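The block underneath contains the structure these notes are about, expressed in structure tokens.
The values are calculated or read from the model by the stated rules, or taken from the named source; none is laboratory data. This structure is a prediction, so every number in the text was calculated from the model and none was measured. Every residue, glycine as well, gets a Cβ built from its backbone with ideal geometry; the counts of neighbours run over all protein chains shown. Side chains are part of the model used for accessible areas, which takes the heavy atoms of the whole protein and leaves out ligands, DNA and RNA. Shrake-Rupley method; radii C 1.70, N 1.55, O 1.52, S 1.80 Å.
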Amino acid sequence: MGVGMEADEGVMATDFFWSYTDEPHASRRREILAKYPQIKELFGPDPWAFLKIAVVVSLQLWTATFLRDASWLKLLTVAYFFGSFLNHNLFLAIHELSHNLAFTTPSLNRWLGIFANLPIGVPMSITFQKYHLEHHRFQGVDGIDMDIPSQAEAHAVKNAISKSVWVVLQLFFYALRPLFLKPKPPGLWEFTNLAIQVALDAGLVYLHGWRSLAYLILSTFVGGGMHPMAGHFISEHYVFSPDQETYSYYGPLNLMTWHVGYHNEHHDFPRIPGARLHKVKEIAPEYYESLRSYRSWSQVIYMYIMDRKVGPFSRMKRKAPKKDS
């Protein structure tokens, strides 16, 4: 792998790390499948996905109605220590559904994604799928992979204070970045997602008041910022070691996050649902045990903020492939 820019000792990089090789997952996938073909038996939907999503959606919507007369302090407290975990769980359920891992029929996964979207308060399920699949197919490719911070973000974030603000607001950057840098025309599914979400939000306000909706929005916002669950946004692909661009997390929060922490395993085998990803590491440990990984997402956030060499530029990028003329 060639690296185009590395940060000097104690100095934040002023450009991304540039790789002149392909992303590592496709070749590792082929190698692992050749050695362990039984891994293909792990492919396919998670039969418990619908039930898991239905329980979390029901619990979060009930909590929102229960808090309709709560004080703003109580709303914020419950949102941070309870609702944020539920809404982030649903965000990662939508991630799972973007890979069609609840049903074999893609449209059923989209409908379930729209349902999982309801407590999040803002329509995002369908749009997320469009951009996320490109993140897998074109990992790190300049102008295509919208998981990577923009130049404006990277140049604006210079120190621990600005990095802290960026972490608090990272969900906004994550959601709005593709709409500004690589907008895609909405289709029928996006309008369906929007209409159903607006109907739920309006109905909740009409029946229970604005505070119920505010609880859902707060749960989404705080759960995507300075929060242990949100550590995965940074841990997955931010380069703390220039020779590695994807990192796994093997801590307890995997139980609440559809095992998204098994991120090397996920990129190697996106057709395997989160609940079975640990089996990939069990079957082929020699491919993963030598890779750097994490045990704490909170520690990752702390490292990101306090390490002067690390910032939004700490991502691996590669040039877009040239189109045939």
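Couplings for segment 244-255, taken from phi via the Karplus curve 6.51 cos²θ - 1.76 cosθ + 1.60 with θ = phi - 60°, read 9, 10, 10, 10, 9, 10, 10, x, x, 5, 4, 5 Hz in order; Gly and Pro are left as x. Note that segment 121-137 has calculated 3J(HN,Hα) couplings of x, 10, x, 8, 4, 5, 5, 4, 4, 4, 7, 5, 5, 5, 4, 6, 6 Hz, one per residue in order, obtained from phi through the Karplus relation 6.51 cos²θ - 1.76 cosθ + 1.60 (θ = phi - 60°); glycine and proline are x. Once backbone amide H atoms are built at 1.01 Å from N, Y294 has S248, Y249, Y250 as its partners under 5 Å, excluding neighbours fewer than 5 places away on the same chain.
Say R0 is 45 Å: what FRET efficiency, to the nearest 0.05, do W18 and V205 get from their beta-carbon distance?
Working: r = 48 Å, r/R0 = 1.07.
Here the calculated transfer efficiency is 0.40.
Residue farthest toward the positive end of the dipole of the chain, with Cβ of Lys/Arg at +1 and Asp/Glu at -1: which of H88, L59, H136? Working it through, the farthest residue towards the positive pole turns out to be L59. Between segment 214-272 and segment 91-165, how many Å separate their Cα centres? Cα centroid to Cα centroid, the span is 12 Å. Please report the spacing between the Cα centers of segment 7-79 and segment 174-198 in Å, no decimals. If we compute the Cα centre of each part, the gap is 20 Å.
Amide H to amide H distances under 5 Å link W18 with G4, M5, K317, where only residues 5 or more positions off or on other chains count and H is placed in the peptide plane.
Dipole of the chain computed with +1 at Lys/Arg Cβ and -1 at Asp/Glu Cβ about the Cα centre; of P178, H263, F115, farthest Cα towards the positive end is F115. Among the lysines of segment 17-317, pairs that are 8 or more positions apart or on different chains and have alpha carbons within less than 12 Å of each other number 5.
Largest GNM mean-square fluctuation across T192, T127, T220, computed for the chain with C-alpha springs under 10 Å, falls on T192. Taking amide H atoms as placed 1.01 Å from N in the peptide plane, the amide H of V141 lies under 5 Å from those of R318, each 5 or more residues away in sequence or on another chain.
The HN-Hα couplings worked out from phi for segment 25-41 by the Karplus form 6.51 cos²θ - 1.76 cosθ + 1.60 (θ = phi - 60°) are 7, 5, 5, 5, 4, 4, 5, 5, 5, 5, 8, 10, x, 5, 4, 4, 5 Hz, whole numbers, x standing for Gly and Pro. For the pair S296 and T65 in one chain, pulling the backbone fully straight at 0.36 nm per residue adds 79.9 nm over the alpha carbon distance.
Does a label point 7 Å from the Cα of K40, set along Cα-to-beta-carbon, have any residues of segment 261-302 with amide nitrogen under 18 Å, and which are they? Output list for this probe position: 268-273, 280, 283-284. Seen against the Cα atoms of the chain and their longest principal axis, helix 84-98 is set at about 60 degrees. Only Lys, Arg, Asp and Glu carry charge here, each on its Cβ (+1 for the first two, -1 for the last two); on that basis the chain has a dipole of about 420 debye about its Cα centre.
Accessible area per residue for the chain, computed on protein heavy atoms with a 1.4 Å probe, is 47 Å².
Taking G143, G203, G224 as the candidate residues, the one with maximal mean-square fluctuation in a Gaussian network model of the chain, Cα springs under 10 Å, is G203.
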